[in-house]
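This report refers to the structure that appears directly beneath it.
The values are calculated or read from the model by the stated rules, or taken from the named source; none is laboratory data. Only a predicted model underlies this, so the values are computations on that prediction, with no experimental measurement involved. Here the Cβ positions follow ideal geometry from the backbone for every residue, glycine too, while neighbour counts run over all protein chains shown.
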Amino acid sequence: MQSLPISSIDEVTPVWLTHVLREGGHLTRGTVSEVQKQSLKSNWARNAVLRLNYSADATGEKPEKLFLKLCDPGPGVFGDSEIIYYSIVAAEISDPPIPRYYHSGYFKERGNYHLLLEDLSDTHAPDIKPTWELALDTVVSMAQLHAGWWNHPRLSSVGDFPDQAKIDKYVSYSQKGLGPMLDDIGAVIPQEWHTLIYKIFDSHPGKMVERARGGSDLTFIHGDLNPGNILSPVGDKDRIYLIDHQPFDWSLTIWLGVSDFAYWMVHWWDSEMRQQWERPLLEHYHQQLSLSGIHDYTFHQLWNDYRLCAMQSLYVAAAWCVDPLERKEAKWLWSSQLEKTMTACMDLKCIELL
């Protein structure tokens, strides 16, 4: 039975922590004797780093440092998707590239939840501009996430299949921002971009439905691998962690794994770096999938799937333009994403797929 969420960091007491750590089998004897809290904030949550001390007779795992996340976005925004990511998705993967889960609480009617996770702030930080070595390691973590749920028989338990209705919902949200986006920036972009933008919105959703039909090569996707959600090691070499899975109700959660790769590279990286590194990194991704037991997915299919998913970055730019205030305040971001997306679509000759 799912626990109810706490609503304040003040509710995190030694007694509460003792209870949840015992409930999860992490503390087998003794108690949490003291907890120190450092409060933090993010876009959608109130967070805290917790430092724990234990009674002298305490036995078990006894984590010394934990990360608490309190999220209250309202009903129907994220649901329990992030709890599913840390507790169910991660559990299906051997040594997952996801911080360890300790406890959660969720109240569906209100849409709020809490998560108690492994804290990595001493060893990892967001990957703002990857080196070649960090990019290779990110690809390994990405492939590990995807391979663990590739054509999985329980895939429907962690997301919605990308059928016609789901893809229509996904695209229609972004389409509301298309007109405002072009009203704002249309006069300064090349005419050939205009033509391709309309062609993508007209034909690309149907190609997504065709690709998903039959259910082959589908997996769980993160959906938002922006630089802030990729934790790279600080100092000694270590693995890359993928954090903060918070899809909106219109987002895709089951789709082609390489969509995460495209999202990560197409509109977050400089186009010159993407042009230089995308193929060798895709080859590395394909190799990692094969090492994880995915043997019937050819590189030719992967390359075409990447081209198909590269066009989805256009929906990301348009989605920023649905809300007038967000369109104005985030123009520095979505205009850059649009430029990088259209450059990639031209480089990759994506119109051939439409």
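Residue-level analysis places residue 4 outside the set of residues that are surrounded by 12 or more Cβ atoms within 10 Å (Cβ to Cβ), under 25 Å from the mean Cα position of the chain (by Cα) and at pLDDT 95 or above.
When each of 309, 321, 345, 350 is tested for being surrounded by 15 or more Cβ atoms within 10 Å (Cβ to Cβ) and in contact with a strand residue (DSSP E or B) (Cβ under 8 Å, 6 or more places away or on another chain), the lone residue that passes is 309. Quick check on my filter: what residues within segment 287-306 are part of a helix (DSSP H, G or I) and touching an Asp or Glu at 6+ places or on another chain (Cβ under 8 Å)? Residues satisfying the conditions are 299, 301, 305, 306. One residue alone among 104, 87 is under 28 Å from residue 236 (Cα atoms) and of a type outside the set (Val, Ile, Thr), and that residue is 87. Listed by first and then second residue, the pairs with beta-carbon distance under 7 Å, at least 6 apart or on different chains, first residue in segment 161-175 and in the same structural domain as residue 255 (by TED's automatic domain parsing), second of a type in the set (Ser, Thr, Tyr) and outside any helix (DSSP H, G or I), are 170/251. Out of the residues in segment 13-48 meeting the condition of being of a type in the set (A, V, I, L, M) and either at pLDDT below 95 or surrounded by fewer than 16 Cβ atoms within 10 Å (Cβ to Cβ) (or both), tell me which one is nearest to residue 330 (Cα to Cα). Here the answer is 45. When segment 74-100 is limited to residues that are of a type in the set (Ser, Thr, Tyr) and touching a strand residue (DSSP E or B) at 6+ places or on another chain (Cβ under 6 Å), the one that is farthest from residue 121 (Cα to Cα) turns out to be 87. The set of residues in segment 164-208 that are surrounded by 13 or more Cβ atoms within 10 Å (Cβ to Cβ) and charged (D, E, K, R) comprises 166, 168, 169, 176, 184, 199, 207. Within segment 318-348, being more than 30 Å from residue 151 (Cβ to Cβ), assigned to a helix (DSSP H, G or I) and in contact with a Gly (Cβ under 8 Å, 6 or more places away or on another chain) holds for 318, 327.
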